[in-house]
Amino acid sequence: MNKDQVLAAYEQAKEVFKQQGVDTEQALAQLAKTPISMHCWQGDDVKGFEIAQRELSGGIQATGNYPGKARTAVELRADMEKAFSLIPGAKRVNLHAIYIDSEEDVDRDKIEPRHFERWVTWAKEQGIGLDFNPSLFSHEKSDDGFTLSHPDAEIRQFWIDHVKASRKVSEYFGRELGTPSYMNIWIPDGMKDQPADRLSPRKRLQESLDEAISEKIDTKYHIDAVECKLFGIGAEAYTVGSNEFYLSYAATRGTALCLDAGHFHPTEVISDKISTCSLYIENMQLHVTRPMRWDSDHIVSFDDETQAIMREIVRNELLDRMSIGLDFFDASVNRIAAWVIGTRNAQKALLKALLEPVAKIKAAEQEFDYTSRLALMEEAHSQPWAAVWDYFCLQQNTPVGPDWLEDVKAYEKEVLAQR
């Protein structure tokens with residue numbers, strides 16, 4: 001589709017939405033300023049760049065051996081820049097502590113802001129914010145299946161110190177980049193078979209977290225978040241950091257809550273949880289992913305749940321309290337294409353939600369006119385939102401439709417194939 005066709009289709013769509021009381025220009029402006037936090041670990045299969053290279057553990061697996069994965073932080077940043085050029089709108093980058101960029105061999109309890117200076121310099125050049133995560137997996141001190149809830153006080157303290165150090169890195173990001181860094185704490189702690197004592201590990205986790213986040217940090221720079229999980233590989237019977245644990249913790253400690261689309265029972269969806277959590281939790285973080293088989297972390301598609309998540313955020317006017325991030329890792333396809341597909345799908349779902357006639361739908365519901373409510377919701381699916389998306393891509397100087405794939409293929413031939 002050429003430029004004139006995109007513009008003509010947009011003008012027609014603009015009129016259609018105007019008749020529904022929807023301002024497309026306002027929707028586009030909101031989409032343009034809403035960043036999606038793109039996760040760095042898709043680019044290298046969650047290996048990181050610590051000098052002491054370790055095998056993946058903690059129930060994390062990246063399957064596939066597609067050629068060209070990033071081997072260094074320099075390569076990873078170059079790959080992300082390529083993805084940025086094909087994704088419209090605002091972006092952020094979400095880093096794990098294992099993505100340290102330093103020649104110094106430092107263990108995780110000793111990381112400092114200076115070990116991530118190159119990331120900050122790059123983020124300034126790109127005009128983006130950074131988010132952060134302590135990495136409580138793939139380490140010899142997590143081999144027992146426990147970290148912050150470990151019965152050994154010394155091991156527990158190591159991970160407490162790692163979280164403390166990570167908070168300083170996150171604060172550094174926020175100060176340097178002028179936008180708060182969401183720092184999400186996830187741990188793999190749990191048991192493969194039924195435990196005799198479910199309470200003690202949770203008491204230890206509570207105490208460890210309290211100590212780890214005891215120092216007050218201005219939320220202008222840093223926001224703590226905690227993330228639950230239903231179960232993991234090697235922790236099928238019992239997960240210390242359950243939904244009830246972290247929801248209660250966030251509500252009583254004032255942290256943000258991270259909801260991961262793959263971390264619940266297969267019949268549960270986080271779109272249904274957002275409104276409830278918003279009553280008790282000020283800030284929320286989302287890990288948008290596709291749990292094809294529970295937490296399988298497939299590339300985000302334009303599926304029902306991704307659309308439902310974005311509708312809940314928009315309908316309830318929660319965008320200013322929400323950090324939207326991605327979390328998937330697929331080593332069976334071109335990793336840059338995975339970023340582009342997943343991020344653009346998240347943005348498409350958000351735009352579609354922004355183009356709903358929300359006021360009309362809510363008014364019908366308040367009048368108990370459920371017929372009109374259902375009709376308006378269903379008709380919204382077939383409105384010409386795709387024409388508005390194409391216009392947004394054109395407006396943002398990024399490829400329209402599948403044209404971006406040619407750029408990825410060329411980059412694969414010229415760069416990835418040489419690694």
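The values are calculated or read from the model by the stated rules, or taken from the named source; none is laboratory data. Source: prediction; values computed, not measured. Counting neighbours? That spans all protein chains shown, and the Cβs are built from the backbone with ideal geometry, glycine included.
Scanning segment 57-95 for residues that are of a type in the set (S, T, N, Q) and either within 19 Å of Q395 (Cα to Cα) or surrounded by fewer than 20 Cβ atoms within 10 Å (Cβ to Cβ) (or both) yields S57, Q61, T63, N65, T72, S85. Of the residues T306, T289, the single one that is of a type in the set (S, T, Y) and touching an Asp or Glu at 6+ places or on another chain (Cβ under 9 Å) is T289. For the subset of segment 376-419 comprising residues that are β-branched (V, I, T) and assigned to a helix (DSSP H, G or I), which member is surrounded by the fewest Cβ atoms within 10 Å (Cβ to Cβ)? Among those residues, the one meeting the criterion is V408.
Residue count for segment 249-289 under the criterion of being within 26 Å of E236 (Cβ to Cβ) and surrounded by fewer than 16 Cβ atoms within 10 Å (Cβ to Cβ): the result is 5. Do we find that Q53 is assigned to a loop (DSSP other than H, G, I, E, B) and without any contact (Cβ under 8 Å) to a residue 12 or more places away in the chain in this structure? Judged against the criteria, Q53 is a match.
Condition test on E75, is it of a type outside the set (G, A, S), out of contact with any strand residue (DSSP E or B) (no Cβ under 7 Å at 6 or more places or on another chain), outside any loop (DSSP other than H, G, I, E, B) and in contact (Cβ under 8 Å) with a residue 40 or more places away in the chain? Criteria met by E75.
Here A251 passes the criteria (1) at pLDDT 95 or above; (2) over 20 Å from G190 (Cβ atoms); (3) out of contact with any Phe, Trp or Tyr (no Cβ under 7 Å at 6 or more places or on another chain) except the one numbered (3). For segment 335-369, filtered to residues that are assigned to a loop (DSSP other than H, G, I, E, B) and touching a residue at least 24 places away in the same chain (Cβ under 8 Å), the residue that is surrounded by the most Cβ atoms within 10 Å (Cβ to Cβ) is L355. Among the residues making up segment 82-108, a single one is assigned to a loop (DSSP other than H, G, I, E, B), under 30 Å from L28 (Cβ atoms) and β-branched (V, I, T): I87. Of the listed requirements (1) at pLDDT 95 or above; (2) among the hydrophobic types (A, V, I, L, M, F, W, C); (3) surrounded by fewer than 16 Cβ atoms within 10 Å (Cβ to Cβ); (4) farther than 21 Å from R167 by Cβ, A308 misses just one: (3).
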